[in-house]
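See below for the structure under consideration.
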Amino acid sequence: MADQKFTVPTELIDLPSKGLLYPKESALASGQVEMKYMTAREEDILTNVNLLRQGLAIEKMLISLIKSPINYEELTLGDRNGLLIAARILAYGKDYKFTYKNTNTGEDEVVEYDLQNLKYKEVDWSKFDNKNEFEFLLPHSKNTVTFKVLTVAADKKIDEEMKGLKKNLGQDAGIISTRLKHQITSVNGDYSVKTVRDFIDQGYLLSRDSIELRKYIESVTPDIDTDIAFTLKDNTEVSTGLPMTADFF
């Protein structure tokens, strides 16, 4: 019995980005990540009180499930989201039940949704060349910026900066400007971090340019589309974002 070898089944999960946001030498450039089925070990991670308190349970669970030799923090947020949905399907199946309040009747209804109906966003793949950088001409100020699709690592830095600003200022600071500071990589060919931050902090990024830039960023960001539609008992049709409650895992 001591020589018994145990195996856990795995699946290759297609990434929303198809791997086209990563350098060709990266394992993520294949566009697929090998992920194992959830075990009791991952269930322990999801119920670990300390990890839950720190908001790290989901991240630690995903890292434990991934078998491919990748750096988790290099994943774009959209690819991370795709793996999260895949992990839920592998763990507990495609059917997800959640409670939704019917505003017409005031009653809570149990809705069952097939997670396999979720699709990846369609983007213009001709803009992708295994490099996480895109160019955009701000339509009003005519400045040219480059930007990147946010990764797990970048998102953590944004979160840390937001917490620091809140601690120092005693209130929530601007999430839009902070996010753009971490997403814009250059202004008019200048890749200096100071230049990028000055461009935003000193008021050179016009509000209407910011809106157009964020729209464009969204249009080229691969992700899983979590907008869903379903019908309630009184035939009311509902379109909403997938409610990812505590019962998702």
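The values are calculated or read from the model by the stated rules, or taken from the named source; none is laboratory data. Being a predicted model, the structure only gives us computed values, none of them experimental. All Cβ positions, even for glycine, are placed from backbone atoms using ideal geometry, and neighbour counts span all protein chains on display. Accessible surface areas use protein heavy atoms only, side chains included; no ligands, DNA or RNA. Shrake-Rupley method; radii C 1.70, N 1.55, O 1.52, S 1.80 Å.
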Original post:
Within the set 131/163; 67/167; 131/156; 5/36; 67/157; 36/163, which residue pairs have Cα atoms separated by over 28 Å?
Top reply: 131/163; 67/167; 36/163
**OP:** With a 1.4 Å probe and all protein chains in place, put 80, 179, 53, 208 in order of accessible area, largest first.
**Re:** 53, 208, 179, 80
**OP:** Using a 1.4 Å probe and counting only protein heavy atoms, arrange 223, 209 so the residue with the most accessible area comes first.
**Re:** 223, 209
**OP:** Taking mean projected area of the Cα convex hull in nm² as the quantity of interest, determine which of (i) 18.6; (ii) 16.3; (iii) 14.8 was computed from the displayed structure.
**Re:** (i)
Original post:
What is the dipole size for the chain, taken about its Cα centre, with +1 at each Lys and Arg Cβ and -1 at each Asp and Glu Cβ, in debye to the nearest 20?
Top reply: 720 debye
Original post:
Counting only heavy atoms of protein chains, what accessible area per residue, in Å², does the chain have with a probe of 1.4 Å?
Top reply: 58 Å²
Original post:
Using a basic spin-label model with each label point 7 Å from the Cα along Cα→Cβ, how many nm lie between residue 67 and residue 6?
Top reply: 1.5 nm
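Take the solvent-accessible surface of the protein heavy atoms, probe 1.4 Å, and return the percent of it on the chain that carbon and sulfur atoms account for.
The value for the chain is 48 percent carbon and sulfur by accessible area.
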Subject >> Distant alpha-carbon pairs in the range 140-191 (separation over 15 angstrom), percent >> reply: 53 percent
Subject >> Computed FRET value (nearest 0.05) for residue 25 with residue 230, which takes r as the C-beta separation and R₀ as 51 Å >> reply: 0.75
